[in-house]
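Below is one structure, written out as structure tokens; comments come after it.
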Amino acid sequence: MLAFLTRRTIGAVITLLIIAAATFFLFFAVPADPARLACGKVCPPELLEQARRNLGLDAPVWEQFVAWLAGLVVGRDYEGLGHCPAPCLGYSFVNREPVLETILDRLPLTLSLTFGAAVFFLLFGVGAGVVAALRRGRPLDKIASVASLIGASVQIYFVGTLAMYFLVYQWQILDRPQYIPLTEDPIGWAYGLLLPWLVLSLIFTANYTRITRSTMVEQLSEDFVRTATAKGLPRRTVVTRFALRGTLIPVVTIFGVDLGSLIGGAIITETTFGLQGIGRLALRAVTDSDLPMLMATVLLAAAAIVVFSIIVDILYAVIDPRVRLS
Amino acid sequence: MTTATWTTEPPVRRGPGSFLAVRDLTVEFTTEDGVVRAVDGLSFDLEKGTTLGIVGESGSGKSVTSLSILGLHDPSTTTITGEIWLEDQELVSADRAVMERLRGNRVAMVFQDPLTALSPYHTVGRQIAETYRRHKGGSKREARERAIEMLKRVGIPQPHLRVDDYPHHFSGGMRQRAMIAMALVCDPDLLIADEPTTALDVTVQAQILDLLKELQQQTGMAVILITHDLGVVANTASEVLVMYAGRAVERGTVREVLREPRHPYTWGLLGSMPSLRSPVDVPLRPVRGTPPSLLAPPPGCPFHPRCDYVDVAGRELCTRERPVLTPETGHADACHLAPEDKRRLAPERRTDRKERA
């Protein structure tokens, strides 16, 4: 286990380094000049030069990358802004705010959105998939298939907008989605995010229903499931303890990927419901050519994926004793 | 549990009061291509302490029959008619709760492939203990003790350690032993072993069969041994039922069927079996042709397209009329050949091989 974790952590660090380097160098391959953006519309050459020096863009690209990396590990000094302790993600090109603070400010919303929606789509998706597999070919199965097809086809900005229009403005059942910290007011937290959770889970649910159903159908025809029935175990036990166990493997796999990518930011959901999470931060960073912010959001998204893939591998071994972590 | 709680209707005794009586069992599967009649009007009896060997090719309905006894077919695609009596409980019409109490308790099953038939997600001990607790109750500790005892009985070394192993830690033969331990944990009255040695090494096969024989002598249970191997039947069973295309074509004691086989299909099975006494350069004689499609079985005797004696018995008769298993008790066969032809032709084939030998 320890050897496994060590090996995977080293692999993760290397992966993240490669992603960071690629992002950094690609940024400079794009013909957008953040100095010009910072300088403003009417920009004499000497002011442009000044802006470039202020943003640290006058050094060669590889030197800038090394400086950025060093900031991450040991901290970094900024002219006029003072020392930025490790892990230093730098200051935003746009508003000169420390990037780390902005990220930490937005992260609770994104985490709340991600895990809240995950509870819904996991319950709905796996539940519907199991029911569909057990009622194969019967009306309930067909309803689940059609529903998951619709769910997979619709877009958040369509359902989300409709839901906002009817539930919030027309019938006034819910308030406008908002983020209230969990620690401040748990009920307000859940109430404020209920609509985004439901809309976000609607799209993900379909995937889980389909995968759960097909794997469950396969598992139900396995010999050991028949053995469990032949032992006289009740149907419920046979389904939950035997058939569902193997079904969890593919579910956990896509769950890890989904959670990882949601933590990287749910851009469309956040935009539709007017929430300020990591997703919109990342989008702004790209449109504003805000290199430090861009690096931070990309790295966060990549780290989330990498971490969840390690967790998924550990879960494999927990679910199936034939899988060994080595 | 008293027998009174088992019955949903007044007990009706069937046959000569046998322990297990199957009467006119028909099993049909609805498939995309049509209705497959996998078992067609099968009847047989079984007494406690005896072993019935059911022999036949793949698709002859052996396994389907055994799964019907435990009610393990998917009810949405399967139609079962006829009767299966376990003492005075009828099983085809029994409801789910009755069957759940019966399975693993009074009737247990050992499957063909222990690699896939044991759950990879649970320890061997847990899988055995689970069956015991389900039917006999008791604490987890008691059930675990019982599992260790059962593992010891089926010859697993260091059972108190192996009880916590997963099936993938076991070899093929040990897995089948564990499977047998699981089947016998509640002291069933009837054990169904569906090709229990087919997936195993030849050397292990004999060990498993000896184990089954020994355990049967200890417990006095009835055993149904499903196999395509007449050699296994000769060593283990007391009675034999030869099945072809979902029907019984010959029935009798092992001695009767192996010494004086009457049905051309049984002759074919015996002829395709290697013998230690025959020389290695004489090729084995397989039964020619392939098993019939159960979607559209041949008219008349289902074996007639593969039978060498159709013209002796009369082509007209064999292609038109389905032979009935006669007589009703004792050594019986379902063939249109005249009794003297059966006697004349059967030894002829046997001497045939001996002469070449």
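Here are the numbers for the structure shown:
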quantity: Selection count, the range B:249-265, where residues are within 13 Å of B:Leu52 (Cα to Cα) and in contact with a Leu (Cβ under 7 Å, 6 or more places away or on another chain); calculated: 1
quantity: Candidates B:Ala97, B:Ala108, B:Ala117 - the one that is touching a Leu at 6+ places or on another chain (Cβ under 7 Å) and under 26 Å from A:Arg235 (Cα atoms); calculated: B:Ala108
quantity: So A:Thr227, is it within 15 Å of A:Thr253 (Cα to Cα) and assigned to a helix (DSSP H, G or I); calculated: no
quantity: Flag if A:Leu16 is open to solvent by less than 80 Å² (accessible area, probe 1.4 Å) and either over 18 Å from A:Ala285 (Cβ atoms) or in contact with a Leu (Cβ under 7 Å, 6 or more places away or on another chain) (or both); calculated: yes
quantity: Residues of the range A:234-275 classified as open to solvent by less than 10 Å² (accessible area, probe 1.4 Å), at the interface with chain B (Cβ under 10 Å from one of its Cβ atoms) and outside any helix (DSSP H, G or I), total; calculated: 0
quantity: Condition check for A:Gly71: open to solvent by less than 40 Å² (accessible area, probe 1.4 Å) and touching a Cys at 6+ places or on another chain (Cβ under 6 Å); calculated: yes
quantity: Neighbours by Cβ (under 9 Å, 6+ apart or cross-chain): first from the range A:151-167, free of Cβ contacts under 8 Å to residues at least 12 places away in the same chain; second open to solvent by 80 Å² or more (accessible area, probe 1.4 Å) and among the hydrophobic types (A, V, I, L, M, F, W, C); calculated: A:Phe166/A:Ile173
quantity: Of all residues making up the range B:101-131, the number that are surrounded by 22 or more Cβ atoms within 10 Å (Cβ to Cβ), in a helix (DSSP H, G or I), within 10 Å of chain A (Cβ to nearest Cβ) and not charged (D, E, K, R); calculated: 6
quantity: Any hit, the range B:251-259, residues being crowded, with 23+ Cβ neighbours inside 10 Å and of a type in the set (D, E, K, R); calculated: yes
quantity: The lone exception for A:Gly90 - which of (1) farther than 30 Å from A:Leu262 by Cα; (2) in contact (Cβ under 8 Å) with a residue 60 or more places away in the chain it fails; calculated: (1)
quantity: Unique match (being part of a helix (DSSP H, G or I) and either touching a Cys at 6+ places or on another chain (Cβ under 8 Å) or surrounded by fewer than 22 Cβ atoms within 10 Å (Cβ to Cβ) (or both)) among B:Ala296, B:Ala234; calculated: B:Ala234
quantity: Matching residues in the range B:59-100 - criterion: being part of a strand (DSSP E or B) and either in contact (Cβ under 8 Å) with a residue 60 or more places away in the chain or more than 14 Å from chain A (Cβ to nearest Cβ) (or both); calculated: B:Thr79, B:Ile80, B:Thr81, B:Gly82, B:Glu83, B:Ile84, B:Trp85, B:Leu86, B:Gln89, B:Glu90
quantity: Restricting the range A:278-325 to residues that are assigned to a loop (DSSP other than H, G, I, E, B) and open to solvent by 30 Å² or more (accessible area, probe 1.4 Å), the residue that is nearest to the other protein chains (Cβ to nearest Cβ); calculated: A:Arg322
quantity: In the range A:181-218, residue farthest from the other protein chains (Cβ to nearest Cβ) [restricted to those that are of a type in the set (S, T, N, Q), touching a Phe, Trp or Tyr at 6+ places or on another chain (Cβ under 9 Å) and surrounded by fewer than 20 Cβ atoms within 10 Å (Cβ to Cβ)]; calculated: A:Thr183
quantity: B:Leu46 being buried (at least 20 other Cβ atoms within 10 Å of the Cβ) and free of Cβ contacts under 8 Å to residues at least 60 places away in the same chain; calculated: no
quantity: Residue selected from the range B:132-141 under the condition more than 7 Å from chain A (Cβ to nearest Cβ) and assigned to a helix (DSSP H, G or I), by the criterion most open to solvent (accessible area, probe 1.4 Å); calculated: B:Arg141
quantity: Odd one out for A:Lys41 among (1) open to solvent by 30 Å² or more (accessible area, probe 1.4 Å); (2) within 30 Å of A:Pro321 (Cα to Cα); calculated: (2)
quantity: Listing of helices (runs of 4 or more DSSP H) fully contained in the range A:73-167 that carry 2 or more residues being more than 14 Å from every other protein chain (Cβ to nearest Cβ), over 23 Å from A:Ala282 (Cα atoms) and in contact with a Phe, Trp or Tyr (Cβ under 8 Å, 6 or more places away or on another chain); calculated: A:99-134
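The values are calculated or read from the model by the stated rules, or taken from the named source; none is laboratory data. Not measured: the values here are computed from a predicted model. Cβ: placed from backbone, ideal geometry, glycine included. Neighbour counts: every protein chain shown. Ligands, DNA and RNA are excluded from the accessible area calculation, which covers all protein heavy atoms including side chains. Shrake-Rupley method; radii C 1.70, N 1.55, O 1.52, S 1.80 Å.
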